[in-house]
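What follows draws every value from the coordinates through simple rules; no lab data is involved. Small disclaimer: the values here were computed from a predicted structure and weren't measured. FYI the Cβ positions are ideal-geometry reconstructions off the backbone, even for glycines, and counts take in every protein chain you see.
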Amino acid sequence: MIRRYFMKKIMALLLSALFMLAAFCSCGNAESGDYNNEESMPGMGSSDEMTSYPDIESADRKISKTYRLTLETTSYDEAVEAIKTAVETFGGYVASSSEQSTGTSNPLRYASYTIRIPQDKVEEYLDVIRTECQVLRESLSTEDITASYYDTQARLDSLLEQEERLTALLDTADSLDMLITLEDKLADVRAEINALYSQIQRMESSVDYSYVYLTLNEVSSLTPSDTSSYWTSVGNTIVDAFSTFVDVLGSIFIAFIWVFPFLLVGGVIAIVIIAVERRKKKRKGPQMNSTSEDGNHTADTEEKK
């Protein structure tokens, strides 16, 4: 019993020593690649070391680009078709989209798109969009994720080496306790490896495929650009005012048709009431005259007496 107890202690010490040796070897290999294990872990190392890579060439830097455009068009269906066709032409895809319309009598539609376009094709794609639609607003934002990318890659390389060592130790495990401990450790390492793989894939996707956010508005007339003449602006304003006036007249006419039955019934009731009131007044008139004559006759009789 005592011998078995000491054997477990010795195995535990040997296993701990192997883990420490693997960790030191991993650190040494990471340092030889200019990325040590301490720098790759969050919250460790100086911020300058984690965000500055002066030896990385410009071609190897990881830059994520995001474009945002607000568009308008008088040919909504054609513009939507052009947007989608250009996405396929330049090897991109529509990540998400939505379309709505206003609730007025003359509904106008508007749509929003989240589009991913290969970074080396995005300018060509935007040229097509600028040709098909009028651009009201346009912006570009960039994010340098070089530091985060290579830190994550260094952590992944370190964990892959650790996975190899743990796999080799599994083949030499001579006790059930050691086997269980190694398998648990290996499962944790592989879970972290999968998470880092996913993180790297997302970063690579954000670099290889730029984000393009489009907002497309359908309008009855395009907003005058800065180069439009004064009279063009005046003409567009007159057209808009006349169109609004016609819409208002149409709304008033529809409202009148809706209210007309109520006005008709109300008018008939009002005529009946007025006729009844007039008849009552005519009946009261002779009665009041006869009463006044009787009063005068009585007064004359009393005076004679």
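Quick notes on this structure:
- Counting Lys and Arg as +1 and Asp and Glu as -1 over every other residue whose Cβ lies under 14 Å from the Cβ of L69, the net charge comes to -1.
- Förster radius 35 Å - calculated FRET efficiency between D188 and E143, Cβ distance, rounded to 0.05: 0.65
- Spacing of the two label points (7 Å from each Cα toward its C-beta) at L179 and D77, in nm: 7.0 nm
- Ranking of V122, V189, V135 by neighbouring Cβ atoms within 10 Å, starting from the fewest: V135, V189, V122.
- Evaluating 6.51 cos²θ - 1.76 cosθ + 1.60 at θ = phi - 60° for every residue in the stretch 208-217, the Karplus couplings come out as 6, 10, 6, 8, 10, 9, 10, 10, 10, 10 Hz, glycine and proline recorded as x.
- Net lengthening on full extension, T223/D60 (0.36 nm per residue, minus Cα-Cα): 54.4 nm
- At R0 = 45 Å, FRET efficiency that the Cβ-Cβ distance of I269 and A241 yields, to 0.05: 0.65
- Amide H contacts under 5 Å for Y209: Q119, restricted to partners 5 or more places along the chain or on a different chain, H placed in the peptide plane at 1.01 Å from N.
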